[in-house]
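Structure first, commentary second.
The values are calculated or read from the model by the stated rules, or taken from the named source; none is laboratory data. Everything quoted here is computed from the prediction, not taken from an experiment. Note: ideal-geometry Cβ built from the backbone for every residue, glycine included; neighbour counts use all protein chains shown.
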Amino acid sequence: MNSQYLFVYGTLKSDAINVHAKQFHAQAQLIGAAMWQGCLYLVTNYPAAVASSNPQDRVMGELWKLNDSELVLKALDEYEECAPGSPLPHEYERLIQPIEINGQVIQAWIYVYLLSTAELVKIDSGLFINQNQKLLRRSVQ
């Protein structure tokens, strides 16, 4: 199975200001806000999403359409450190999952966290706010 779509929920969202996000945004089109059935945790300054069978659990993010999925995903696998040459154990695995957007379900790639979440803080809202956005909001107020 393959997909030309990617669901992002953290440091690659449209509000991210890092170099990897900017490179990704130049190679994809934002479709819009979307959701995935899962739980979101804070690792350090980035989030981790894991699957959940509880329909109440939602990860809030964005759906993007990739211009050249093979090329973009290869670069993002390296960024997420789950490429074939990345050190083990991998933190993430790229999977195709059902993503909800505007009442529809689209099969899209998502980076799912593989390590234990036992010591991580759960983000109950399911929405990760980039640290740069927090700083920008504070400076505007």
Consider P55 carefully, then state whether it is farther than 21 Å from I17 by Cβ, surrounded by fewer than 16 Cβ atoms within 10 Å (Cβ to Cβ), modelled with pLDDT under 95 and not acidic (D, E).
-> yes
Kindly indicate which of L95, L120, L115, L136 is modelled with pLDDT under 95 and of a type in the set (A, V, I, L, M, F, W, C).
-> L136
Output the residue which, of all residues in the range 104-128 that are out of contact with any Leu (no Cβ under 9 Å at 6 or more places or on another chain) and farther than 14 Å from Q37 by Cα, is surrounded by the most Cβ atoms within 10 Å (Cβ to Cβ).
-> T117
Would you point out the residue of the range 59-93, among those that are in a strand (DSSP E or B) and over 21 Å from N130 (Cα atoms), that is nearest to the chain's Cα centre (by Cα)?
-> E93
Answer yes if at least one residue in the range 37-45 is β-branched (V, I, T), surrounded by fewer than 19 Cβ atoms within 10 Å (Cβ to Cβ), modelled with pLDDT under 95 and in contact with a helix residue (DSSP H, G or I) (Cβ under 6 Å, 6 or more places away or on another chain), and no otherwise.
-> no
